[in-house]
Amino acid sequence: MDRLVDRLTASERSLLGTWVKIPSLETVELLGHAGFDFIVVDMEHAPHSLDVAYRLVFAAQAAGMAALVRLPDHNGATIQPLLDGGADGLLVPRVTSLAIAEEVTRKMVFSPKGERGLGTTSRAGCWGLGDMDDYIERGDKQCLRMVQLEDWQALEAAADFADLEHVSGIFIGHGDLFLSSGKPPNDPAVKALTAQVLAATKEAEIFSGVAAASAAQAREYVDMGFSLVMVSNDTTLFGRAAVEAVKATLEG
């Protein structure tokens, strides 16, 4: 299967994904059967251990999807093992400055340009059976290094983040933006800012990402031309389906 960066480059449409919070191989497989292009294993807002995240990445890729992981923070302690585990890329939450973005993305790039260590005997290196040059090239060129901008000031500076050497994608965090600004995603000012960020990524020729609570909202982002569009999450999808089944049975 092509890696996520290759699929993004070749695709004529947005790729569709969802958050994974349930530590279950079966639900990940179901998401693949449902037709999602990728998942994001959420280590920030779900209690996934490193071992669980590794297995969910494996399950997603086995089901034909790409697998990103949202880090628990921007400190970077889990970067090496997650990339060694074969994740297609990493999403870094709560990036508030260019210095943080530069520091954390350097950890995703092999030396001498970055700080990632060699791990050819890992899953990413085919357990030592792969070609080292290919392993290094894939690690640098096909790893999606996406920073999540979640406050107004950072999002207004999206063009500066997009110009950083090792940043290959910007993800808009509308949830925390709402907490700090009081403005929901459908607010005209937020819509204008969203379009501004998207334009900055296109100008810099990097990827863009955004999450939506509903399919209708996700469709708007698809039509805008975001690279990665996420809709809902596994817990909400399951929970709402369960509620509807109970209602349909008991209420007719």
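The values are calculated or read from the model by the stated rules, or taken from the named source; none is laboratory data. As the structure is a computational prediction, the values presented were derived from the model and not from experiment. Here the Cβ is made from the backbone with ideal geometry for all residues, glycine too, and neighbour counts use every protein chain on show.
Regarding residue 12, is this residue of a type in the set (Asp, Glu), within 14 Å of the chain's Cα centre (by Cα) and over 15 Å from residue 237 (Cα atoms)?
When the stated conditions are applied, residue 12 does not pass them.
Just wondering, is there one or more residues in the stretch 214-232 that are in a helix (DSSP H, G or I), surrounded by 14 or more Cβ atoms within 10 Å (Cβ to Cβ), touching a residue at least 60 places away in the same chain (Cβ under 8 Å) and of a type in the set (Ser, Thr, Tyr)?
yes
Does residue 56 satisfy the criteria of being crowded, with 23+ Cβ neighbours inside 10 Å, over 16 Å from residue 229 (Cβ atoms) and modelled with pLDDT of 95 or more?
So residue 56 passes the test.
Touching a strand residue (DSSP E or B) at 6+ places or on another chain (Cβ under 7 Å) and either under 18 Å from residue 168 (Cα atoms) or outside any strand (DSSP E or B) (or both): is that true of residue 52 in this structure?
Judged against the criteria, residue 52 is not a match.
Tell me which of these residue 126 doesn't satisfy, since it passes every other one: (1) of a type outside the set (Lys, Arg); (2) over 25 Å from residue 155 (Cβ atoms); (3) part of a loop (DSSP other than H, G, I, E, B).
Condition (3) is where residue 126 drops out.
Scan the stretch 68-86 residue by residue and report those that are within 14 Å of the chain's Cα centre (by Cα) and touching a residue at least 40 places away in the same chain (Cβ under 8 Å).
Residues satisfying the conditions are 68, 70, 83.
Listed here are the residues, each with its yes/no results for (1) under 28 Å from residue 18 (Cβ atoms); (2) assigned to a helix (DSSP H, G or I); (3) in contact with a Lys or Arg (Cβ under 8 Å, 6 or more places away or on another chain).
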| position | (1), (2), (3) |
| --- | --- |
| 96 | yes, no, no |
| 102 | no, yes, no |
| 108 | yes, no, yes |
| 114 | no, no, yes |
| 138 | yes, yes, yes |
| 153 | no, yes, no |
| 159 | no, yes, no |
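Here's a check for you: in the stretch 1-43, which residue that is of a type in the set (Val, Ile, Thr) and modelled with pLDDT under 95 is nearest to residue 141 (Cα to Cα)?
Among residues in the stretch 1-43 that are of a type in the set (Val, Ile, Thr) and modelled with pLDDT under 95, the one nearest to residue 141 (Cα to Cα) is 5.
Within the set of pairs 6+ apart or on separate chains, which have a first residue in the stretch 98-109 that is farther than 14 Å from residue 170 by Cβ and among the aliphatic types (A, V, I, L, M), a second that is at pLDDT below 95 and assigned to a helix (DSSP H, G or I), and C-beta atoms under 9 Å apart?
Listed by first residue and then by second, the contacts come to 108/139; 108/140; 109/139; 109/140.
List pairs: first in the stretch 115-141 and under 18 Å from residue 6 (Cβ atoms) and touching a residue at least 40 places away in the same chain (Cβ under 8 Å), second hydrophobic (A, V, I, L, M, F, W, C) and in a helix (DSSP H, G or I), Cβ under 8 Å, 6+ apart or cross-chain?
So the pair list comes out as 124/83; 138/124; 139/83; 139/124; 141/5.
Output the residues belonging to the stretch 155-192 that are of a type in the set (A, V, I, L, M, F, W, C) and either out of contact with any Leu (no Cβ under 9 Å at 6 or more places or on another chain) or over 27 Å from residue 43 (Cα atoms) (or both).
Within the stretch 155-192, 159, 162, 167, 178, 179, 189, 192 meet the criteria.
In the stretch 8-25, which residue that is of a type outside the set (Ser, Thr, Tyr) and assigned to a helix (DSSP H, G or I) is surrounded by the fewest Cβ atoms within 10 Å (Cβ to Cβ)?
10
How many residues, within the stretch 233-252, are touching a residue at least 24 places away in the same chain (Cβ under 8 Å) and either over 14 Å from residue 39 (Cα atoms) or in contact with a Cys (Cβ under 7 Å, 6 or more places away or on another chain) (or both)?
Residues meeting the conditions: 1.
When you scan the stretch 170-182, do you find a residue that is outside any helix (DSSP H, G or I), modelled with pLDDT of 95 or more and among the β-branched types (Val, Ile, Thr), even just one?
Yes, there is a match, as at least one residue in the stretch 170-182 is outside any helix (DSSP H, G or I), modelled with pLDDT of 95 or more and among the β-branched types (Val, Ile, Thr).
Could you list, in sequence order, all residues of the stretch 26-44 that are surrounded by fewer than 16 Cβ atoms within 10 Å (Cβ to Cβ) and farther than 21 Å from residue 221 by Cα?
Within the stretch 26-44, 26, 30, 33 meet the criteria.
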